[in-house]
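Everything below concerns the one structure shown next.
The values are calculated or read from the model by the stated rules, or taken from the named source; none is laboratory data. Fair warning: this is a prediction, and the values are worked out from it, not measured in the lab. Cβ placement follows ideal geometry from the backbone for every residue including glycine, while neighbour counts extend to all protein chains displayed. These accessible areas exclude ligands, DNA and RNA; they are computed on the full protein's heavy atoms, side chains included. Shrake-Rupley method; radii C 1.70, N 1.55, O 1.52, S 1.80 Å.
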Protein chains: 2
Amino acid sequence: MLTAAPLSPAAQATLAAWHAMIRARDTAGLPALLAPDAVFRSPVAHKPYAGAAAVAMILQTAERVFSNFTYHRSLVSEDGQSVVLEFSADVGDKALKGIDMIRFGADGKIIEFEVMVRPATGLAALGEAMAKGLAGRV
Amino acid sequence: MLTAAPLSPAAQATLAAWHAMIRARDTAGLPALLAPDAVFRSPVAHKPYAGAAAVAMILQTAERVFSNFTYHRSLVSEDGQSVVLEFSADVGDKALKGIDMIRFGADGKIIEFEVMVRPATGLAALGEAMAKGLAGRV
């Protein structure tokens with residue numbers, strides 16, 4: 001029997017702040033939502049990115065790379081510690097679907113942020129745009 | 001406030017049957033779980049595959065292509081009509097992570113089955129293996 005436990009109030013607050021940032025297209029406050037040892041798991045690369053500074057830079061770059069970004073279904077895990085946010089977006093002239101799979105720590109901070117996208121053409125466009133976007137910040 | 005509604009008993013039964021098939025590595029009964037107009041959204045291709053026969057063939061082929069397939073977190077949507085099943089698996093010598101995003105109709109049958117995987121090397125290996133696997137069935 002699959003049922004989802006409620007998210008903790010602290011995780012709910014983090015999730016609400018994340019949605020507000022995406023709506024406002026202003027992710028300056030993102031580092032405050034991340035645990036110091038947060039990990040980002042990329043749709044492109046196998047190796048995770050570790051640490052709040054790296055995770056924030058990647059998510060802020062992604063926010064600029066996507067256009068027409070829209071969230072759809074939201075899902076909660078059985079243990080109430082993770083959510084999946086379904087999205088659609090464009091990268092250049094490629095349309096893609098994706099999910100943000102976010103795990104929260106006991107204090108409500110984000111400890112893991114994993115992204116998957118489809119189809120292959122969208123993933124390739126995202127990989128190229130992210131490489132350019134991250135290079136522009138170094 | 002993000003909370004998940006309970007899955008309907010009919011959808012719970014379909015999900016339990018799906019898990020039993022994957023555990024037994026025997027998906028012969030899969031067509032009975034699919035709505036006639038079920039749609040499959042591929043991690044590789046943009047265009048959806050429509051109809052229970054096509055969806056069953058793709059999922060049965062995928063089941064043979066993966067090795068070391070293991071489900072991890074399960075998540076339920078706010079409206080209680082969709083689940084996300086997180087998995088890890090190997091395709092040949094490539095390790096991948098993925099999600100099955102499954103939507104159920106009012107009668108509990110699967111009406112939409114969407115798959116996303118990461119990283120890019122895993123997606124490429126899956127695309128190649130699926131093309132070979134499907135060609136072997138034609």
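As a test of understanding, state the convex hull volume per residue of chain B from its alpha carbons, in Å³.
Spelled out: Cα convex hull of chain B, divided by residues, is 113 Å³.
Can you list the HN-Hα couplings for the stretch A:68-79, worked out from phi with the Karplus curve (6.51, -1.76, 1.60; θ = phi - 60°), rounded to whole Hz and with x for Gly and Pro?
Per-residue couplings from phi come out as 6, 6, 9, 7, 10, 5, 10, 10, 10, 7, 3, 8 Hz.
Probe radius 1.4 Å, ligands and nucleic acids left out: which of A:Met1, B:Met116, A:Met21 has the largest accessible area, and how do the rest follow?
A:Met1, A:Met21, B:Met116
What gaps in nm, shortest first, separate B:Gly136 from its twins in the other copies when you place the label 7 Å past Cα toward the beta carbon?
4.5
What translational D, rounded to a whole number of µm²/s, comes out for the protein assembly as shown from Stokes-Einstein when the hydrodynamic radius is the Kirkwood one over Cα pairs, at 10 °C and 1.306 mPa s?
In µm²/s, the coefficient rounds to 83.
If you put a point 7 Å past Cα along the Cβ direction, how far is that point for B:Glu78 from the same point in each other copy, in nm, smallest first?
Inter-copy label distances (nm, one decimal, shortest first): 2.4.
Total accessible area buried between chains B and A, 1.4 Å probe, in Å² to the nearest 100?
Rounded to the nearest hundred, the buried surface is 3300 Å².
Please name which of A:Leu34, A:Ala56, A:Pro9 has its Cα lying farthest along the dipole of chain A towards the positive end, using unit charges on Cβ (Lys, Arg +1; Asp, Glu -1) and the Cα centre as origin.
Value computed over the given set: A:Ala56.
Along Cα-to-Cβ, 7 Å out, sits the label point; list in nm, shortest first, how far the one on A:Thr121 is from those in the other copies.
The answer, with the shortest distance listed first, is 2.7 nm.
Using only the heavy atoms of the protein chains and a 1.4 Å probe, how would A:Tyr49, A:Tyr71 rank by accessible area, largest first?
A:Tyr49, A:Tyr71
Please report the carbon-and-sulfur percent of the accessible area for the protein assembly as shown; probe 1.4 Å, protein heavy atoms only, DNA, RNA and ligands left out.
Whole-percent figure for carbon plus sulfur exposure: 60.
Would you kindly compute the Cα radius of gyration of the stretch B:9-62 and its largest Cα-Cα separation (Dmax), both in Å?
11.4, 32
In deg cm²/dmol and to the nearest 500, what is the mean residue ellipticity at 222 nm of the protein assembly as shown if only DSSP H runs of at least 4 residues count, each as -39500 (n - 2.57), divided by the residue total?
The helix contribution divided over the protein assembly as shown gives -11000 deg cm²/dmol.
Any chance you could look up the accessible area of A:His19 with a 1.4 Å probe, heavy atoms only, rounded to 10 Å²?
40
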